[in-house]
1. Taking amide H positions as placed 1.01 Å from N in the peptide plane, with prolines and chain starts having none, which residues 5 or more places from F54, or on another chain, fall under 5 Å of its amide H?
2. Heavy atoms of the protein only, probe of 1.4 Å, neighbouring chains included. What is the accessible area of M44 in Å², nearest 10?
3. Taking only Cα atoms, what is the 0 to 90° angle, nearest 10, from helix 165-180's long axis to the longest principal axis of the chain?
4. Skipping prolines and chain starts, which residues have an amide H placed within reach, meaning under 5 Å, of the one on H66, given they are 5 or more residues away or on another chain?
5. Relative contact order for the chain: what is it in percent, counting Cα pairs under 8 Å that are at least 6 residues apart?
6. Which ³J(HN,Hα) values in Hz, rounded to whole numbers, follow from the phi angles of segment 258-274 under the Karplus curve 6.51 cos²θ - 1.76 cosθ + 1.60, where θ = phi - 60° and Gly and Pro get x?
7. Looking at the chain as a GNM with Cα springs under 10 Å, which of T28, T184, T90 has the largest mean-square fluctuation?
8. Report the FRET efficiency, 1/(1 + (r/R0)^6), for A217 and V252, where r is their Cβ-Cβ distance and R0 is 22 Å, rounded to 0.05.
Amino acid sequence: MLHVENLIFDYPGHRALNNVSLVLERGTITALVGPNGAGKSTLMRLCAALDQPFSGTVRLDDLDVHANPRAAHRRMGFLPDFFGLYDELTVRQGLMYRAAAQGVPRAQRRTVAEGAAERLEITDRLGQKAGTLSRGLRQRLAIAQAVLHEPTFLMLDEPASGLDPSARIGLSGVLRNLARDGMTILVSSHILAELEDYSTHILMLRQGQVVDHAPLAVMGTVTERRVEIRLDFARPVAELRKRLLAIGGIEVLSCGVDDAIVMSDPDPSTRATMLAAVLAAGLPLASFAPERRSLQDIYLARMKAATERPPLRLVGPQ
Ligand SMILES: Nc1ncnc2c1ncn2[C@@H]1O[C@H](COP(=O)(O)OP(=O)(O)OP(=O)(O)O)[C@@H](O)[C@H]1O
């Protein structure tokens, strides 16, 4: 589990992270999103103990990563947005080299390298030089190097940039498998549709501050403490909106001839009452389910709300 508490980081003349606190639970995949310059890469570098915060702490389980960077590096993997590979080394040689750098005893390096290759499904490329791999396979090799020492926490900065759709789908599967094995993953990207595919949580940063941090499933259905419910009917219903409103207690957000979106509070018993009432009214209901909004819609709505919030006022002596 990763605990970030009250993290503040300044570049000369510029506050890049302003009091950031968050917790990433074990086995979750958190999408780190935000506009250019929001502080995503800075947050990752601090979590990776590559920079020292001005104040605040980052703990990986019981370990303060800035007090014990070497120990922290043994427990974490980091793939920065720009990474290099030794093009003249084969996949096996590159992985064995990394294993040596991680302190794996000589006798075990081959097994560790082959295990990492298997995990990233590049076993058939072990004999191929890195310089001749496609972009998607280079990405897999880089991730294999980052996870070879079995870290509990993995960070990936823009891992899918430049990948074609099928390589992206492959990457999603790889990340899901790693999380299923218990790894905690933080991944930043601007490609929201791709993040939606494998993330369990969304962490939104803007101007160095956390705008939102919640499970994707919750964010996708809840708007300001209310849930949008989609109703589909088996056939067109005359005056559908009027009939829904006649039930009482239902707020209709939008209405077609055979479907409607209504609002509910998140309490499941309210939904149960609503469902029973729709059926009791004799409407030919075919499905009743929380409406999921795309990550892009959620992101744009949250960022707009954050922009409209009045700026923080500095209060001091007059
Ligand atoms: N070395 C540096 N010196 C001064 N300012 C920096 C430095 N690196 C980043 N910054 C500034 O700090 C802020 C946060 O940058 P950061 O790279 O963390 O943002 P980001 O969210 O990763 O952006 P992007 O989506 O463009 O990669 C930005 O305003 C950036 O200009």
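The values are calculated or read from the model by the stated rules, or taken from the named source; none is laboratory data. Since we're looking at a predicted model, the values are computed, not measured. Every residue, glycine as well, gets a Cβ built from its backbone with ideal geometry; the counts of neighbours run over all protein chains shown. Surface accessibility is based on the protein's heavy atoms, side chains included, excluding ligands, DNA and RNA. Shrake-Rupley method; radii C 1.70, N 1.55, O 1.52, S 1.80 Å.
1. Those lying under 5 Å, H to H, from F54 are I8, F9, D10.
2. Probe radius 1.4 Å; accessible area of M44 about 0 Å².
3. Computed tilt is about 80 degrees.
4. Under 5 Å from the amide H of H66: V58.
5. Values: 553 pairs, mean separation 58.5, N = 318.
The normalised contact order for the chain reaches 18 percent.
6. Computed from phi, the couplings for segment 258-274 are 10, 8, 7, 10, 10, 9, 9, 7, x, 5, x, 5, 5, 5, 4, 5, 5 Hz.
7. T90
8. Numbers: r = 24 Å, r/R0 = 1.10.
That gives a FRET efficiency of 0.35.
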